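Everything below concerns the one structure shown next.
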Amino acid sequence: MTAQQSISYLRIRCYIIYLAANPEETKIAAGLACGMLYTICKGIRQHDIVLCPDGTGNYMVGEVVSDYQYAPGSNLPHRRKVQWYRNSLSRGDMSTSFKNSAGSIGTVSDITKYADELKGLLDGKQPSTLTHSDDAVEDPSVFALEKHLEDFLIANWQFTHLGTDYDIYTVDGEVVGQQFPSDTGPIDILAISKDQNTLLVVELKRGRASDVVVGQIQRYMGYVKEALAEAQQEVRGIIIGLEDDLKLTRALSVTNNIDFYRYSVSFKLFKVGE
């Protein structure tokens, strides 16, 4: 058995045990609980930075300083020791892209690109911002690089075509649909139809070989169908990219539950006083 197969087996066992002990919970809740346990045990490493919301709009910030520890019989038996910083971080002071990257609870995110901003905020410095006049767009600077497409979609979901029929998946009011954990890697965006009948997997095409992304989203859809979807729910997929090509067109021509959406970027300057 390979290491990846061992991880999948452990997650399935955890999933079965959780549902047996909590029959009133949904498959989504079970998947999140098992994903959270895996994150604490294996996903987090020593010297990683932890952002912990305190319920008042601020984050406590700390550094992981121990390996995983198990304390049976306690309220929180699965533990990692954290050395907390003296200063907290105000969510309102964070840039939109940093805020969205930190918005998915119970996940491990690479926030290396925000290291300078994080340090500045902890030192009391405000990040620079880009202003605009379109109220439907929270922060156009997130489109500076294509890798920010995910953050932009999450922040402006309600203004997109997808936001008409789908909501980003949430649990107890917290957005968990961004970088949703699965046994084959994080799903870019997980959404659910407003009538609760369809789970939607959204995969963003960031310069990868076009036909490869089809196999990737199918793996994620397979996970959602097996581990998360209820009996009455269907699973659909959407690939979003700057442009398609012949390979992608051919691959999608033989699927009936995956669509392709193309996005475009527009930026304008207007001289004041004219």
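Coordinate-derived values only; no laboratory data. Bear in mind that the values here come from a model prediction, so they are computed numbers and not experimental data. As a convention, Cβ positions derive from the backbone with ideal geometry for all residues, glycine included, and neighbour counts pool all protein chains shown.
Taking 0.36 nm per residue of sequence separation and subtracting the Cα-Cα distance, how much length would be gained by fully extending the chain between L269 and V171, in nm to one decimal?
Taking L269 through V171 to full extension adds about 31.3 nm, to one decimal.
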Of K205/K271; K81/K225; K27/K247; K247/K268; K194/K225; K119/K194, those spanning more than 29 Å from alpha-carbon to alpha-carbon: K205/K271; K81/K225; K27/K247; K247/K268; K119/K194
Packing-based exposure ordering (other Cβ within 10 Å, fewest first) of W84, W157: W84, W157
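How much net charge surrounds Q83 when only the other residues with a Cβ under 12 Å from the Cβ of Q83 are counted, with Lys and Arg +1 and Asp and Glu -1?
It works out to a net charge of +1.
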Positive minus negative residues near A71 (Lys, Arg vs Asp, Glu; Cβ under 13 Å): +3
Segments 48-58, 70-80, 221-231 sorted - mean Cβ within 10 Å per residue, highest first: 221-231, 48-58, 70-80
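Could you calculate the contour length gain from N87 to T184, that is, 0.36 nm times the residue separation minus the distance between their Cα atoms, to one decimal place in nm?
31.3 nm
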Per-residue Cβ neighbour rank within 10 angstrom, fewest leading, D123, D211: D123, D211
Label-point separation, H47 to T164 (7 Å along Cα→Cβ), nm: 5.0 nm
Net charge of Cβ neighbours under 13 Å - reference K194; Lys, Arg +1; Asp, Glu -1: -3
In nm, spacing of pseudo-spin labels at Q196 and D54 (7 Å Cα→C-beta vector): 3.6 nm
For V272, V214, V175, V61, order by how many other beta-carbon atoms lie within 10 Å, fewest first: V272, V175, V61, V214
Computed E for Y68/K225 - FRET, C-beta separation, R0 22 angstrom, nearest 0.05: 0.15
